[in-house]
Every structure is written in structure tokens, then in C-alpha cells.
Amino acid sequence: MLAPILMSIAIFTPTATAQTDPPIACTPKALDATQRRRQTELLGIVRGKIQKTVELDNGFALQLPNDPATTLQVAAWISLERRCCGFAEFAVEWRLDDTVWVKLTGKAGVKEVLAAEMGIAAKR
């Protein structure tokens, strides 16, 4: 059962030629108007579903509901977000305790941008 999942993950693994240290700047033209509206809509949905926020040294971990609809919404949001904000790293974890977490991380300075985007207050 894991083989198709692992194969799917391998398909989306960035190549060695991908930029590994992009500037902390959004690429406004990365999304067309329809994609931008959908990204904004999904961001609102994800924000509204956050059950718990844990501050990390380099970002945040957000606990979300473990239902199929939320999983699909998170995946769609991340796919759009990555196009315009390639400086952030995203990881989705479905843990043994059946909680679902999205980690938003990056290099120095990214945490503050993520906090503003997600409406999260970072400790200083």
C-alpha cells in the first residue's frame, strides 16, 4: 500500500538543479488571477482550521483536523503557496497518535514572514 504513496512522493521531489537558497521574496506573477484567488481562499480555510500552533526555532507547526477534506485543502494550498513563496519549506505529518501537523519552516527571516502570512504571533 505504501509503494504508490512513496512513488507519488518521489515524483514531486525537487531536482538537484532546484534553487536551494532562494531569497525571502514572493513571486507575484507565479500565480494567475484564478490561482491567486484559490490560494487566498485556501489560506483562509487552513487558518480557520488550526487547532494548535507550536513555535519552532525556524518556523511553526500547525495542528489541523485529520479529515480527508482538510488533507486535500492543505495539499492544494501548499501546491499554490510553493509557487509564489519558494523560500518556505512545508511538511505534512500524519502522526501515530492520528494528529495531522503542517510544518512551515525556512532559513533566518522566514519565520517572521510565515507568522505574518498565517496571522500567528511569533515570540521575540
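The values are calculated or read from the model by the stated rules, or taken from the named source; none is laboratory data. Everything quoted here is computed from the prediction, not taken from an experiment. Here Cβ is always computed from backbone atoms with ideal geometry, including for glycine, and neighbour counts include all displayed protein chains.
Some observations on this one:
- Tally of residues being in contact with a strand residue (DSSP E or B) (Cβ under 6 Å, 6 or more places away or on another chain) and part of a helix (DSSP H, G or I) across segment 58-73: 1
- Flag for Glu81 being closer than 24 Å to Ala121 by Cα and at pLDDT 95 or above: no
- Filtered residue count, segment 81-109, keeping only those that are more than 9 Å from the chain's Cα centre (by Cα) and either closer than 22 Å to Thr20 by Cβ or in a helix (DSSP H, G or I) (or both): 9
- Segment 46-57 - residue that is part of a helix (DSSP H, G or I) and buried (at least 16 other Cβ atoms within 10 Å of the Cβ) and, of those, nearest to the chain's Cα centre (by Cα): Val46
- Of the residues making up segment 79-105, just one is in contact (Cβ under 8 Å) with a residue 60 or more places away in the chain and out of contact with any Gly (no Cβ under 6 Å at 6 or more places or on another chain), namely Gly86.
- Any hit, segment 43-61, residues being without any contact (Cβ under 8 Å) to a residue 60 or more places away in the chain, out of contact with any Lys or Arg (no Cβ under 9 Å at 6 or more places or on another chain) and over 23 Å from Ala121 (Cα atoms): no
- Residue count for segment 28-45 satisfying the condition of being polar (S, T, N, Q) and surrounded by 14 or more Cβ atoms within 10 Å (Cβ to Cβ): 2.
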